[in-house]
Amino acid sequence: MKTKKQTKEAAATEKRFHLIITNNCNNNCVFCLAAEEMRQRPGHRPFAEIEKELVKGLEEGASRLILSGGEASIHPDFLRIIRKAKEMGYAKVQTISNGRMYAYERFLEKVIEAGLDEITFSLHGDSARLHDAQVGVPGAFYQAVRGLKNAVGSGRLIVNVDIVINKKNYGRIDKIINFFKRFNIYEFDLLQFVPFGNAWKNRKEIFYDLDSHSLKHLERAFKISRQPEMFIWTNRLPAPYLEGFEELIQHPIKLKDEITGRLEEFEEWIKSGKRFGCWQERCEWCFIKDFCRDLDLLLSEKKIASLPGPACLPAGQKKEKTFSFREGADIFAFADFYIENRYFVKSLRCRDCEYAGSCRGASINLIKEKGFKILKPIKKNG
């Protein structure tokens, strides 16, 4: 029988294909990542276009399809898309949803009959007052909870919950998890806000400081992950704030999902040297800021080398590696190099180290394996 760690590793590395099928939504979340795109390009994607994307996903080796939006469940061809995906050979079809459509039992029955395997409900509070203030629709909480109960009650779906952590709810994440545990939900994904879309527009009410005050609240939620039946993931939460809970650090391979989401912009950056429009302005709050800075360094210097280990660890025998955009190399090839050789993180304790300004820390993979405890900051002046 697989351990929890082995199960999470297998799930994290499973080949998935994320497909946005609509830019329409029946909520108006204050932190919505895709809000700008949805305002500029409203509407549902045509079925023929979606079908081509389904083929692409299989050609890339995906076995799991994840349908999202906007709100995928309001696409007029939602059932047809699920059926087509199963007919084409996707082993699992999952959707990320605000949950409101599943309050209608007949609709839920139809999506199950079409072949849907899993629903991830996006729920951000343990009360109507808290949740509805974030999604912008009065009554959304009760409708979504009814949908969740219907889905669990069907006995034929995998059901889990994701929660966007922000200023409005960071003090209640443990309570939100325990609230939904009452409905037999044992898998949760905790997502850090991102500085785009509505979250950037509403940053004064969404952004919170990751400090000792907020961390003590979040750690109450992290501790729940140690209950035998619980599976908790984190998404875009900076690794240094997970010291003592290193098993919750997001798998490094998920960096590629961030790249895929902005692939056209990355390819344009490489081709023309034009940086993202958000360059510098939003880096402080962005999960991929170090990756972008290293890409910029690579493009200006034409090559980039692996980072040395921190001064507080014994010098290894690992040979220095370099990367350049030779013929055939692409952004994902650089991502592989970055993850192995430059995706380094530090402990919060490293702030007081003599080498704090020049050291990037230790490899993310080493930290996930050994924990931040291996780092021994060198005090200034001895």
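The values are calculated or read from the model by the stated rules, or taken from the named source; none is laboratory data. None of these values were measured; they are calculated from a predicted model. Cβ atoms come from the backbone with ideal geometry, glycine included; neighbour counts cover every protein chain shown.
Only residues that are surrounded by 18 or more Cβ atoms within 10 Å (Cβ to Cβ), of a type outside the set (A, V, I, L, M, F, W, C) and assigned to a helix (DSSP H, G or I) were counted in segment 63-95, giving 2. When residues in segment 350-382 are screened for being closer than 20 Å to Thr234 by Cβ and among the basic types (Lys, Arg), 3 of them pass. Within the span defined as segment 48-60, one or more residues are part of a helix (DSSP H, G or I), basic (Lys, Arg) and in the same structural domain as Arg146 (by TED's automatic domain parsing). Restricting segment 356-382 to residues that are surrounded by 14 or more Cβ atoms within 10 Å (Cβ to Cβ), under 27 Å from Leu299 (Cα atoms) and not aliphatic (A, V, I, L, M) leaves a set whose member that is farthest from the chain's Cα centre (by Cα) is Cys359. Condition check for Glu49 on (1) out of contact with any strand residue (DSSP E or B) (no Cβ under 8 Å at 6 or more places or on another chain); (2) surrounded by 14 or more Cβ atoms within 10 Å (Cβ to Cβ); (3) more than 26 Å from Val164 (Cβ to Cβ); (4) among the charged types (D, E, K, R): one failure, at (2). Selection over segment 314-351 of residues that are touching a strand residue (DSSP E or B) at 6+ places or on another chain (Cβ under 7 Å) and assigned to a helix (DSSP H, G or I) gives a count of 2. Restricting attention to segment 177-197, the residues that are more than 17 Å from Arg262 (Cβ to Cβ) and of a type in the set (Val, Ile, Thr) add up to 2.
The single condition among (1) of a type outside the set (Lys, Arg); (2) assigned to a helix (DSSP H, G or I); (3) out of contact with any strand residue (DSSP E or B) (no Cβ under 6 Å at 6 or more places or on another chain) that Ser358 does not satisfy is (2).
When you look at Ala221, is it buried (at least 19 other Cβ atoms within 10 Å of the Cβ) and over 17 Å from the mean Cα position of the chain (by Cα), yes or no? For Ala221, the condition - buried (at least 19 other Cβ atoms within 10 Å of the Cβ) and over 17 Å from the mean Cα position of the chain (by Cα) - is met. Restricted to segment 284-313, and to residues there that are part of a loop (DSSP other than H, G, I, E, B) and among the small types (Gly, Ala, Ser), the residue that is nearest to Ser363 (Cα to Cα) is Gly309. Applying the criterion of being surrounded by 15 or more Cβ atoms within 10 Å (Cβ to Cβ) and among the hydrophobic types (A, V, I, L, M, F, W, C) to the residues of segment 252-277, the residue that is nearest to the chain's Cα centre (by Cα) is Leu255. Kindly indicate the residue of segment 333-382 that is of a type in the set (Val, Ile, Thr) and modelled with pLDDT of 95 or more and also nearest to Leu255 (Cα to Cα) among those meeting that condition. Restricting to residues being of a type in the set (Val, Ile, Thr) and modelled with pLDDT of 95 or more, the top hit is Ile339.
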